[in-house]
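Just below is one structure, and these are the notes that go with it.
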Amino acid sequence: MAEGVFRHITNHTRPNAHSMISSIDSCGTGAYHAGEQPDPRTISVLNAHKITSSFYTHQARKFRKSDLKEFDYVFAMDRDNEEHLLNARKRMIKKGELTEEEAAKVMLFGVWGGKGKEEVDDPYYGGARGFDIAYEQVERFSNGFVKMLEERGSEKK
């Protein structure tokens, strides 16, 4: 869901942001759903917000160490995942596989939501309302992050 919302915001509602973002992807720290399509409840919420399969398709995959080199930012949805990603980053730097400067910045996506270090509420085991709450969160986080990029970009001009 977060990837679909972020793609939508950067391509449709904030077109100037698109030039600052070259690649967007999402994954899980576990391989529980690798190869699967998004949950039907996720698709339903995305469709309700005009984010359709003609715009966004996704197949789940597991996090790869190379993600820390390929991306500038890697966002975790909760603190457990953040810890897992930060540990992977530290190990790669310690082994000399990456330098501190090359390694992606790892943080909770929720730091961009305006309410501190907020975690995304995992809706998977709950009802449909949980997917609406998760949508609101990732939309707010996405807008906060893009706003920071826009402000940083305008400072450089």
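We did not get these values from a lab; they are worked out from the coordinates using the rules stated. Because the structure is predicted, anything quoted here is derived from the model rather than measured. Virtual Cβ from ideal backbone geometry, glycine too; neighbours counted across all protein chains shown.
Pop the C-beta distance of D25 and R129 into the FRET formula with R0 = 35 Å and round what comes out to the nearest 0.05.
Working: r = 28 Å, r/R0 = 0.79.
Taking R0 as 35 Å, the efficiency between D25 and R129 is 0.80.
Please check which bits of the stretch 99-143 a label hung off R79 would reach, taking the label as a point 7 Å along Cα-to-C-beta and the cut-off as backbone N under 11 Å.
Label zone hits: 117-119.
Between K117 and E101, how many nm apart are label points set 7 Å from Cα along the C-beta direction?
Taking the two extended label points, one gets 2.8 nm.
Grab the beta carbon distance between D39 and K90, set R0 = 25 Å, and tell me the FRET efficiency rounded to 0.05. Walk me through the intermediate numbers first.
Values: r = 32 Å, r/R0 = 1.27.
It comes to 0.20.
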